[in-house]
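Bear in mind that the values in this text are calculations on the coordinates, not laboratory data. A quick note: this is a predicted structure, and the numbers were derived from the prediction, not measured. Cβ coordinates were reconstructed from backbone atoms using ideal geometry, including for glycine residues, and neighbour counts include every protein chain displayed.
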Amino acid sequence: MSVFDSVQRMLDAAERRGLPLWELVLEASAQESGMSRDESLRTMRERLAVMRQADAGYDGAQRSPSGLTGGDAEKLRAQSTAGRTIAGPFIGEILAAALRMGECNACMHRIVAAPTAGACGVLPAVLLPYARRYGAEDEALVRALYVAAGYGAVIARRASISGAEAGCQAEIGSAAAMAAAALVHLHGGSDAQTAHAAAIALKNLMGLVCDPVAGLVEVPCVKRNAIGALDALSAAELALAGVESRVPADEVIDAMRAVGAALPPSLRETGRGGIAASPTAEAFRERFFSGKS
C-alpha cells in the first residue's frame with residue numbers, strides 16, 4: 001500500500017522512519033516512478049526553474065489568442081509599485097504572481113501544472129514571493145515542492161485533481177492545499193501542521209465549480225489562481241498559529257470527492273453552467289466559435 005493513499009499514512013510513515021516529510025515523499029515518489037534519488041531531485045529543481053522562468057518572462061502587453069486574458073498582472077504590479085494596495089506589497093506580489101502564471105498559461109508559455117495547468121499559478125505565487133521576502137534558498141523551495149507533491153498525490157488518489165471530474169475545487173482547491181502545506185513547511189512548521197493547513201485550505205474552497213467561459217482555461221480560471229494563493233496563505237497562517245482542522249485531512253479529501261461526484265455535468269468543465277452560462281459568456285462563446293471575436 002502506498003504512502004500516498006492517505007495523509008495520515010504519509011505522516012505516520014515519516015515519523016516511524018524518522019524522516020522529514022519531504023524526504024519521505026522524495027523517496028516514495030522516486031520509487032514509484034523508477035527514478036533514482038538524484039534524478040528526482042534534478043527533476044524537481046527543473047520544475048522550480050520553469051516556475052521562475054515563466055514568472056520572469058511574463059509580458060504584460062501580451063494577450064491570449066481569445067483576447068480574454070492578459071495584462072492584469074501588470075495592473076497589480078503597477079498598483080503595488082505606486083503603494084496603493086490595501087493589503088501591502090507582499091500580498092500584492094502574491095496576487096500579481098498568481099495572475100502572471102495564469103496569464104502565461106493562457107498565452108501558451110511553458111508553465112508547471114501544479115497540479116494542473118488551470119491551477120498553475122497558486123504554488124509559485126506563494127513560493128516565489130516568499131523566497132524573495134525571506135531569502136529562502138532553492139534547496140528549501142525544492143523541499144517544499146516535495147511536501148506539496150505529497151499532498152497533491154494523496155488528493156489525486158483519494159479524490160481528483162480534475163475539474164472535469166470534480167469541479168474547480170479539485171484544481172484550485174487542491175493547489176491551495178498543496179501550497180498551504182508547502183508554506184507551513186517553509187516557515188518551520190511541523191508535519192502535523194502541514195496537514196491542518198492543507199485541510200483548512202481545501203475546506204475553504206469546497207464546492208467550487210468548474211465553469212470556464214467558452215470552455216477556455218481563462219475566465220474565471222486565471223483570477224481563481226489569485227484567490228487560491230491567498231487561501232493557501234491564510235490556511236498556512238492559521239496552522240502555524242496552532243489552529244487545527246477539526247476534520248482530518250483525509251476526511252476533507254474524501255468529502256471533496258463526494259461533493260465533486262454530486263456536481264452536475266454543467267458545473268464540471270463543460271462550459272455550460274455557472275459563469276459560463278451567463279449572458280455575456282454565452283455571447284462571447286457564440287462570437288468565438290463563429291470566428292467573429
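Across the stretch 281-290, in residue order, what do the Karplus-derived ³J(HN,Hα) couplings come to in whole Hz, using 6.51 cos²θ - 1.76 cosθ + 1.60 with θ = phi - 60° and x for Gly and Pro? Couplings: 5, 5, 5, 5, 4, 5, 5, 5, 7, 8 Hz.
Here the Karplus relation 6.51 cos²θ - 1.76 cosθ + 1.60, evaluated at θ = phi - 60°, turns the backbone of the stretch 31-39 into coupling constants of 5, 5, 8, x, 8, 7, 4, 5, 5 Hz, with x for every Gly and Pro.
Once the Cα atoms of helix 138-158 and of the chain are each reduced to a long axis, what angle between those two axes, in degrees from 0 to 90 to the nearest 10, is obtained? The angle comes out near 80 degrees. For every other residue with a beta carbon closer than 14 angstrom to the beta carbon of S2, add +1 if it is Lys or Arg and -1 if Asp or Glu, then tell me the sum. Every neighbour counted, the sum reads -2. Computed with the Debye formula from one identical point scatterer per Cα of the chain, without solvent, the log10 of I(q)/I(0) at q = 0.07 Å⁻¹ comes to -0.25. Taking label positions 7 Å along the Cα-Cβ direction at both M108 and M1, the computed distance is 4.7 nm, reported to one decimal. Along the stretch 231-248 the Karplus relation, 6.51 cos²θ - 1.76 cosθ + 1.60 evaluated at θ = phi - 60°, assigns HN-Hα couplings of 4, 4, 5, 5, 5, 5, 4, 4, 5, 5, 7, x, 6, 10, 6, 5, 10, x Hz to successive residues, with x for each Gly and Pro. Cβ distances below 4.7 Å define possible disulfide partners, and in the chain the cysteines left without one are C104, C107, C120, C221.
How much length, in nm to one decimal, is gained on full extension between R42 and D59, taken as 0.36 nm per residue of separation minus their Cα-Cα distance?
3.3 nm
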